[in-house]
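Visitor: Provided herewith is a single structure, encoded as structure tokens, for subsequent inquiry.
The values are calculated or read from the model by the stated rules, or taken from the named source; none is laboratory data. If you're wondering where the values come from, they're calculated on a predicted model, not measured in any experiment. With ideal geometry, Cβ positions are generated from the backbone for all residues, glycine too; neighbour counts draw on all protein chains shown.
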Amino acid sequence: MHPRVLQVTERLIERSRATRQHYLALIATAAAQGPQRGRLQCANFAHGVAGCSATDKQTLRLPDAANVAIVTAYNDMLSAHQPYEHFPQLLKQALHEVGSVGQVAGGVPAMCDGVTQGEPGMELGIASRETIAMSTAVALSHNMFDAALCLGVCDKIVPGLMIGALRFGHLPMLFVPAGPMTSGLSNKDKAAVRERYAEGKASRDELLESEMKAYHGPGTCTFYGTANTNQMLMEIMGLHLPGASFVNPGTPLREALTRAAAQQVTRLTQQGGQYLPLGQIVDERCLINAVVALHASGGSTNHTLHLPAIARAAGIQLTWQDMAELSEVVPTLAHVYPSGKADINQFHAAGGVALLVRELLDAGLLHEDVNTVAGRGLHHYTEEPFLDGERLVWRQGPSVSLDDTILRPVARPFSPEGGLRLMQGNLGRAVMKLSAVAPEHQVVEAPARVFHDQQALADAFQAGELERDFVAVLRFQGPRCNGMPELHKLTPFLGVLQDRGFKVALVTDGRMSGASGKIPAAIHVCPEAFDGGALARVRDGDVIRVDGRSGELRVLVGADEWEARELAPVPAPEVGCGRELFAFMRASFSPAEQGASAFTASLESLR
């Protein structure tokens, strides 16, 4: 093992000792009670099976049969989740074949950042993750189940499912992906039309035609944003079947993997003889593996929020410092848009997850000796699934990249370090994703231009006020102020200015999209302006230094003047589009570094 990986892992284990022991005791107590439905009173049990067939009712009276909860994020407005329409029936059929039963235990909401981007609904994004976690807990609260299958793909859905599922960590669980859509218009061409539209050089009809060609069918969007990063991480954490993440929907292999997931989770139940609950898979080593894979693949910055929140649900105290120290030694092995030109289907064809895992294992950057749904050891994830006639089999994946413009070995990385930088200075702490930022753009020192919302920056761009070097400060965008919406709407405007030769950067207590890249952006600034953070002191014209190389985030104002400044007033809360319903949740959100989670305080109290 690489000494840095061991050092960070051991420190994480020690830091988390008290909360992790409490968590393990919690799930051990639940597991010791045996199959929960056998302990229900007769009326309770009768309610739980009333809608089942006569055969399933009889099966569920037998203690040796497994009842598998299906928790689904299906809706047919999200392309990534539309394929889930037919999954429950497929899963139930596969479970029947091995003498078990499946019940759809509950649905969870699934909003699409692509639809809500720049709209009021985006302010519900982080709140939706917490709502999904609570919905998952409600679905599993009936004590009818011996295992669970979680159906989710996109940005907040998988983290929400994970947070909720981990509080039922005594149950075996397996995550079932739906796969990416087939490739359409290239991401590079799509981005070019967006920038032309921002400049007024393309019509709305041209923009719409481009977007429709890019997002054209069922499945995950093909860029390497948060949704596909979710899938990568679930696989490397051992929660997908090996090679399941990036098989397209509607294919025979996708169907075979879905059926196999249902049957595999029954083997992990107490009745199946290979009992392995979720809480024993998601441990400190598993989470370190996730962080390493995030860095090596150039994954979404949203996971600097999601991974700490997931970790806390399992009693583990993962920090940005842990993530940053790993980034220093983990090479960037993948260039998928926005870090490169390729899409996720091309990454998969070049060797995909199997080759990435092989390279990282061989370099001692991943813990191999971990639990997974496929068995003990991460070596299972160097294999790929194939159909041998109608039989699903796994074979060793490729040992070399089939396209080294997309995926490279550790010996010849795109960069010797990962894509994440921890930013620190008198403006607070933040993160920056460097993997898609060209070296010449990684350091910006320029006067500030302060905005309180995305539209104000767009208006300034259209008015020609931004034709110069500047650092855009977008404040009051943090979790406690307005729910921390993504600010991807800014990318075309800032990208155009950068292409015109200006030095531009963004500093914000909000989020950027997992697909954002080429603009240096210090995001998730803590403390946020709403809580009196330093961003609330910044004024137009203050010179700010954003140094992605050294990690410096500093306003160059004298200390006395800086401390004497009054804080900018907090804007009035917005209403409409349901935002007012989530005011109670925003008030409970932890700082971004702790996952921007409404549950942090309640979980911390369990130490």
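Visitor: Determine whether the stretch 450-457 contains at least one residue that is in a strand (DSSP E or B) and in contact with a Gly (Cβ under 6 Å, 6 or more places away or on another chain).
Guide: No: the stretch 450-457 contains no residue that is in a strand (DSSP E or B) and in contact with a Gly (Cβ under 6 Å, 6 or more places away or on another chain).
Visitor: Which condition number does Ala324 fail, the rest of (1) out of contact with any strand residue (DSSP E or B) (no Cβ under 6 Å at 6 or more places or on another chain); (2) over 22 Å from Tyr381 (Cα atoms); (3) surrounded by fewer than 24 Cβ atoms within 10 Å (Cβ to Cβ) being met?
Guide: Only one criterion in (1) out of contact with any strand residue (DSSP E or B) (no Cβ under 6 Å at 6 or more places or on another chain); (2) over 22 Å from Tyr381 (Cα atoms); (3) surrounded by fewer than 24 Cβ atoms within 10 Å (Cβ to Cβ) is unmet by Ala324, namely (1).
Visitor: Kindly list the number of the only condition in (1) outside any strand (DSSP E or B); (2) within 27 Å of Glu563 (Cβ to Cβ); (3) out of contact with any helix residue (DSSP H, G or I) (no Cβ under 9 Å at 6 or more places or on another chain) that fails for Ala522.
Guide: It is condition (1) that Ala522 fails.
Visitor: Still on this model: In this structure, does Arg537 turn out to be at pLDDT below 95 and out of contact with any strand residue (DSSP E or B) (no Cβ under 7 Å at 6 or more places or on another chain)?
Guide: no
Visitor: What are the pairs, 6+ residues apart or on separate chains, where a residue within the stretch 309-335 that is within 27 Å of Leu161 (Cα to Cα) and outside the structural domain of Ile157 (by TED's automatic domain parsing) has its Cβ under 7 Å from a residue that is surrounded by 24 or more Cβ atoms within 10 Å (Cβ to Cβ) and modelled with pLDDT of 95 or more?
Guide: So the pair list comes out empty.
Visitor: Identify all residues within the stretch 90-109 that are over 26 Å from the mean Cα position of the chain (by Cα) and either more than 15 Å from Arg267 (Cβ to Cβ) or of a type outside the set (Asp, Glu) (or both); write none if there are none. Let's see the steps before the verdict.
Guide: Start the filter on the stretch 90-109 by keeping residues that are over 26 Å from the mean Cα position of the chain (by Cα), which leaves 90, 92-103.
Residues satisfying the conditions are Leu90, Lys92, Gln93, Ala94, Leu95, His96, Val98, Gly99, Ser100, Val101, Gly102, Gln103.
Visitor: Additional query: Is it fair to say Gly279 is modelled with pLDDT under 95 and crowded, with 21+ Cβ neighbours inside 10 Å?
Guide: The answer is no for Gly279.
Visitor: Regarding Gly118, is this residue surrounded by fewer than 22 Cβ atoms within 10 Å (Cβ to Cβ) and either at pLDDT below 95 or in the same structural domain as Asn482 (by TED's automatic domain parsing) (or both)?
Guide: It is true that Gly118 is surrounded by fewer than 22 Cβ atoms within 10 Å (Cβ to Cβ) and either at pLDDT below 95 or in the same structural domain as Asn482 (by TED's automatic domain parsing) (or both).
Visitor: Please work out if Arg429 is charged (D, E, K, R), out of contact with any Cys (no Cβ under 7 Å at 6 or more places or on another chain) and at pLDDT 95 or above.
Guide: So Arg429 does not fit the description; no.
Visitor: Okay, moving on. Need a quick list: helices (runs of 4 or more DSSP H) entirely within the stretch 177-294 having at least 1 residues that are closer than 25 Å to Pro338 by Cβ and touching a residue at least 60 places away in the same chain (Cβ under 8 Å).
Guide: 187-198, 226-236
Visitor: Could you please find all residues in the stretch 76-104 being of a type in the set (S, T, N, Q), outside any loop (DSSP other than H, G, I, E, B) and buried (at least 16 other Cβ atoms within 10 Å of the Cβ)?
Guide: Within the stretch 76-104, Gln82, Gln103 qualify.
Visitor: Okay, moving on. Could you pull out the residue among Gly315, Gly299 that is surrounded by 24 or more Cβ atoms within 10 Å (Cβ to Cβ), modelled with pLDDT under 95 and either assigned to a loop (DSSP other than H, G, I, E, B) or not hydroxyl-bearing (Ser, Thr, Tyr) (or both)?
Guide: Just one listed residue meets the conditions, Gly299.
Visitor: Quick check on my filter: what residues within the stretch 458-487 are assigned to a loop (DSSP other than H, G, I, E, B) and among the charged types (D, E, K, R)?
Guide: Glu465, Glu467, Arg468, Asp469, Arg475
Visitor: Residues of the stretch 494-519 being buried (at least 23 other Cβ atoms within 10 Å of the Cβ) and in a helix (DSSP H, G or I), which ones?
Guide: Matches in the stretch 494-519: Leu494 only.
Visitor: Being over 28 Å from Leu26 (Cβ atoms), in contact with a helix residue (DSSP H, G or I) (Cβ under 6 Å, 6 or more places away or on another chain) and buried (at least 20 other Cβ atoms within 10 Å of the Cβ): is that true of Val158 here?
Guide: On the way: over 28 Å from Leu26 (Cβ atoms): no; in contact with a helix residue (DSSP H, G or I) (Cβ under 6 Å, 6 or more places away or on another chain): yes; buried (at least 20 other Cβ atoms within 10 Å of the Cβ): yes.
When the stated conditions are applied, Val158 does not pass them.
Visitor: Does the stretch 529-547 contain any residue that is crowded, with 16+ Cβ neighbours inside 10 Å, more than 19 Å from Phe451 (Cα to Cα) and not assigned by TED's automatic domain parsing to the domain that holds Lys190?
Guide: Within the stretch 529-547 (the criterion being crowded, with 16+ Cβ neighbours inside 10 Å, more than 19 Å from Phe451 (Cα to Cα) and not assigned by TED's automatic domain parsing to the domain that holds Lys190), the answer is yes, since at least one residue qualifies.
Visitor: Select, from Gln82, Gln103, the only residue that is in contact (Cβ under 8 Å) with a residue 40 or more places away in the chain, in the same structural domain as Leu257 (by TED's automatic domain parsing), touching a Pro at 6+ places or on another chain (Cβ under 8 Å) and not β-branched (Val, Ile, Thr). Quick ask: steps written out before the conclusion?
Guide: Details: Gln103 fails: touching a Pro at 6+ places or on another chain (Cβ under 8 Å).
The conditions single out Gln82.
Visitor: For the stretch 559-589, give me each residue that is surrounded by 15 or more Cβ atoms within 10 Å (Cβ to Cβ), touching a residue at least 24 places away in the same chain (Cβ under 8 Å) and either within 26 Å of Leu318 (Cβ to Cβ) or among the hydroxyl-bearing types (Ser, Thr, Tyr) (or both).
Guide: Result: Phe582, Met585, Arg586, Phe589.
Visitor: Find the strands (runs of 3 or more DSSP E) located wholly in the stretch 339-426 whose residues include 1 or more that are modelled with pLDDT of 95 or more, at positive phi and surrounded by 18 or more Cβ atoms within 10 Å (Cβ to Cβ), and list them.
Guide: 420-425
Visitor: Looking only at the stretch 1-55, count every residue that is under 25 Å from the mean Cα position of the chain (by Cα) and under 30 Å from Val101 (Cα atoms) and tell me the total.
Guide: 3
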